[in-house]
Each structure stands twice: as structure tokens, then as C-alpha cells.
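See structure below.
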Amino acid sequence: MKVTHNGKSKHFRTVWFDKTKNHIRLIEQRLLPHQFKIISTKSYQETSQAIKDMVVRGAGAIGATAAYGLAQGAQIFQGNGIKTFEKHIAKVFQTLASARPTAIDPINAMQSMLSRMHGPSVANRKLQALDLAEEFAEDDVTHCQKIGHIGEQLIQNGTRVLTHCNAGWLAFVDHGSATAPMYSAHEKNKKFHVFCDETRPRSQGAALTAWELSQQGISHDIIADNASGHLMQRGEIDLVIVGSDRTLGKTGEVTNKIGTYTKAVLAKRHGIPFYVAIPLSTIDWKINSGLKIPIEERASEEVLRAWGVSDSGKRLSISIANPSSTARNPSFDITPPELITGIITPVGIIQPKKLWKNRLKLGYDNIKKNLCS
Ligand code: MRU
């Protein structure tokens with residue numbers, strides 16, 4: 001999307017590959033909204049660390065970063081033996097896949113690449129890796145654009161939309177999933193308002209979604225995570241759109257940032273439509289129960305502390321909790337299908353329990369041979 005930076009407006013993606021240097025270029029998301037900076041990862045290990053440390057975050061963005069990381073790792077292999085190359089690639093895959101466990105996009109992206117990297121020589125497979133990573137990133141952009149065109153019909157003049165966390169363009173390669181309908185509606189000059197849950201503990205809503213929306217000139221307010229029930233009760237929210245890090249094709253259960261489930265329960269209670277927007281790479285076709293999804297537990301410091309920028313521009317991390325207390329920090333929760341009005345996909349809006357029935361339309365055939373293990 002367009003970013004206005006140092007007085008100049010320029011189009012950026014969240015991640016791209018510099019083939020000449022074998023470096024991956026990323027927006028350093030931990031510095032936003034206070035600083036806009038591009039960084040490079042110079043090895044697949046650095047790329048994996050950037051995913052783990054959330055320099056880059058969001059399901060589609062880490063999917064594309066992992067895809068580029070696999071291609072980056074492939075390029076450093078010395079030698080001609082296909083068997084040793086495959087062993088090397090398995091190690092690269094594992095390093096990247098283990099960085100963050102909940103989102104399925106990195107695994108889907110890399111497995112789809114591996115299933116097609118069958119060239120006759122190592123040199124050929126290295127080239128295939130580069131092309132296939134690029135293809136994943138391009139598909140992510142196209143899928144998000146389609147989600148925008150399809151989901152835009154849900155937003156009318158005057159609609160007040162609630163979103164949680166950041167399923168915006170920063171969470172993908174471009175456009176975003178939950179925000180894509182908003183960007184399409186904005187392009188059509190519709191006047192609507194967005195409430196961004198702040199999304200503690202890492203504040204992706206307050207920092208990232210709000211930054212994105214202000215960059216595009218879309219009317220919005222940041223609200224405390226606990227405020228949405230009150231606003232719903234007062235009739236101030238008409239629609240909820242969120243993203244997902246892993247949606248189960250077999251059951252329609254949706255994993256998303258912690259707090260999503262609470263919003264879905266509240267929306268049901270108040271009769272407010274609750275939509276989830278996903279590209280096809282977010283679907284897990286294998287797991288048959290939400291209880292089997294690995295839920296990332298992050299460091300307790302994220303709950304016990306907060307960080308930001310002082311009025312004098314200094315980056316600070318401060319303690320906000322009782323010093324002798326411990327904390328739990330589950331990062332994602334699971335929303336059951338009965339709380340979800342529809343899943344906005346690049347091929348249409350589908351009821352969560354009908355994903356399996358629509359699996360061929362949703363690309364199941366393309367990945368069924370490589371279902372994640
Ligand atoms: O922990 P994050 O920031 O990587 O979490 C991902 C998210 O931003 C959300 O869960 C989002 O709603 C879905 S990712 C497209």
C-alpha cells in the first residue's frame with residue numbers, strides 16, 4: 001500500500017526479495033507507528049529469527065517471508081548432489097517452520113514449494129525455489145485483492161466496523177485480509193468508521209491497524225480491548241471483520257489473535273454479523289479439531305510490561321504490573337463456526353461449516369498431496 005514517509009508517498013510491500021544479494025527485505029514492524037524502517041535478513045537463520053521476534057508478523061506476511069527464506073536457504077547450498085540438497089532444504093524448512101507455531105501459512109507456503117521443486121539438478125531447483133517463493137507472494141496479493149472486492153459489499157455508507165489485532169496489509173504482502181474490504185470501500189468513496197481494538201499485549205490494533213488506516217485517510221478510533229461489548233450494547237457497532245492465522249477446513253473453527261473469541265461471543269449476543277477474511281493459504285485441511293492447533297504462548301514480559309515512545313522520542317519499555325507476579329500469555333484463541341456469519345475468501349463468502357463442501361473451489365486439490373504434518 002502507499003506509505004507517506006518523510007513527506008513522500010511510495011508503494012511498499014511488507015516483504016520482498018533481493019535476488020542479487022540473497023537478502024530478504026522487511027518492514028521493521030516493531031518500530032511502527034513511530035518509525036518506518038526497512039531491514040534486511042542476510043541468511044535463512046536471520047529470517048527465521050525475524051519471524052520469531054515479530055520484526056515481520058501476521059499470517060500471510062510470515063508465510064511469504066518463510067517462502068523467501070526457503071529460497072534464500074536453497075541458494076547457499078554448495079554442491080550438486082540432489083540427496084544432500086534435499087537434506088539441507090529439510091533443515092531450512094524446519095528452522096523457518098518452528099519460528100512461530102500457530103499460523104499455517106508458512107507451512108502451507110513452504111510445503112507447496114517443496115512439492116514442486118523437482119527439477120533435474122540442484123541449480124535448477126534453486127531457481128525453482130526463487131520462482132515459487134515469488135509466486136506465493138503474488139498469490140497472497142491477488143487473494144487479498146479479491147477478498148477486498150468480495151467483502152466490500154458488506155460495508156455501506158455509515159457502517160461502523162470493529163476489527164481486532166492487525167489483519168491489514170502489514171499482516172500480508174499487501175492489502176490485508178480484514179482490511180481489504182475497507183480499502184475497497186474507501187476507494188469507492190464510501191464513508192464508514194472503523195473501531196480498532198488495541199489488542200494487548202503487543203498492541204497490533206493500536207499501533208499497526210490504526211497506522212494503516214490513518215495512512216489511507218480512513219476514519220477510525222482505537223478502543224480498549226474491553227470496550228467493544230459496551231459499544232455493541234449501545235448499538236454503535238454494525239459489523240465485525242477479523243483475520244485468521246489458521247482456519248480449519250474440516251470444522252470451520254477459526255484461530256485468530258487472543259480476544260477474537262470474546263468479540264465473536266459478544267457479536268452473537270448482540271446480533272451483529274461477524275466475518276473472518278482469509279486467503280487460501282490460511283486454511284488447514286488436515287487437523288480435525290481446534291484443540292489440536294498449537295497455540296503459541298509468548299513471553300510473560302509482554303503482559304507484565306508495555307513499550308512505546310516517550311514524548312521526547314525515546315523508545316521505552318516500562319513495567320506495568322506487580323513486580324512479583326507471573327503472567328500467562330496465550331497469543332491466539334479459537335472461535336467456533338456457530339459464532340461466525342461467514343468466511344470472506346478470494347472465491348466468495350462461505351459459511352464456516354461449508355468450507356469442506358467447497359474444498360475444490362478453495363484450492364484443496366492443489367495442496368492435498370502435501371498436507372502439513
Ligand atoms: O501475533 P501476530 O501479530 O503475528 O498475529 C497475527 C495477527 O495479526 C492476527 O491474529 C490477525 O488477525 C490474523 S493474521 C492475518
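Read-outs throughout are calculated quantities, based only on the coordinates presented, and are distinct from any laboratory measurement. All values derive from a computational prediction rather than experimental measurement. With ideal geometry, Cβ positions are generated from the backbone for all residues, glycine too; neighbour counts draw on all protein chains shown.
What is the packing order of peptides 155-167, 232-244, taking the mean over residues of other C-beta atoms within 10 Å and listing the highest first?
Numbers: 155-167: 22.5, 232-244: 20.8.
For the peptides 155-167, 232-244, the packing ranking is 155-167, 232-244.
Among Y183, Y68, Y364, which comes first, second and so on when ranked by fewest other beta-carbon atoms within 10 Å?
Working: Y183 23, Y68 30, Y364 17.
Taking fewest neighbouring Cβ atoms as first place, the list is Y364, Y183, Y68.
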Set K10/K188; K126/K146; K146/K361, cut-off 23 Å on Cα-Cα distance; pairs above it are K126/K146
Per its Cα gyration tensor (rounded if a/c is under 1.5, else prolate when a/b beats b/c, else oblate), region 150-365 is best filed as oblate
Placing each pseudo-label 7 Å from Cα in the direction of the beta carbon, F36 and N288 end up separated by a distance in nanometres of 4.9 nm
Per the rule of 0.36 nm per residue minus the C-alpha distance, extending E86 to H149 adds in nm 18.7 nm
Assertion target for I89, I38, I343, ordered by fewest C-beta neighbours within 10 angstrom first, is I38, I89, I343
For K191, counting only aspartates and glutamates whose alpha-carbon sits under 16 Å away and dropping same-chain residues fewer than eight positions off, the answer is E152, D221, E236, D238
Extension length gain for R269 and K52 (0.36 nm per residue less Cα distance), in nm, is 74.5 nm
Packing-ranked peptide list from 213-225, 281-293, 322-334, highest mean Cβ count within 10 angstrom first, is 281-293, 213-225, 322-334
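Taking 0.36 nm per intervening residue step and subtracting the Cα-Cα distance, what contour gain separates R359 from N124 on full extension? Don't skip to the end; give the middle numbers.
On the way: separation 235, 0.36 × 235 = 84.60 nm, distance 3.22 nm.
Separation in residues times 0.36 nm, less the Cα-Cα distance, equals 81.4 nm.
Ordered by packing density, taken as the mean number of other Cβ atoms within 10 Å over each peptide's residues, highest first, how do 116-124, 250-258, 267-275 rank?
Details: 116-124: 13.8, 250-258: 23.7, 267-275: 16.8.
Top to bottom by mean Cβ count within 10 Å: 250-258, 267-275, 116-124.
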Per the helix-only model, the chain has a calculated mean residue ellipticity at 222 nm (DSSP H runs of ≥4, -39500 (n - 2.57) each, divided over all residues, rounded to the nearest 500) of -10000 deg cm²/dmol
Listed by chain and number, the lysines with an alpha carbon less than 20 angstrom from that of K8, same-chain partners under 8 positions apart left out, are K37
Going from the fewest other Cβ atoms within 10 Å to the most, one would list R30, R315 as R315, R30
Each label sits 7 Å from Cα toward the beta-carbon; between Q94 and S310 the label points are separated, in nm, by 4.6 nm
Label model pair K10, Q233: point-to-point distance (7 angstrom along the Cα→beta-carbon line) in nm is 4.8 nm
Taking a straight Cα-to-Cα line shorter than 16 Å from K42, and setting aside same-chain lysines fewer than 8 residues away, one finds K19, K21, K52
Taking the square root of 5λ for each eigenvalue of the C-alpha gyration tensor of region 2-145, the equivalent ellipsoid has semi-axes, largest first and in whole angstrom, of 27, 15, 14
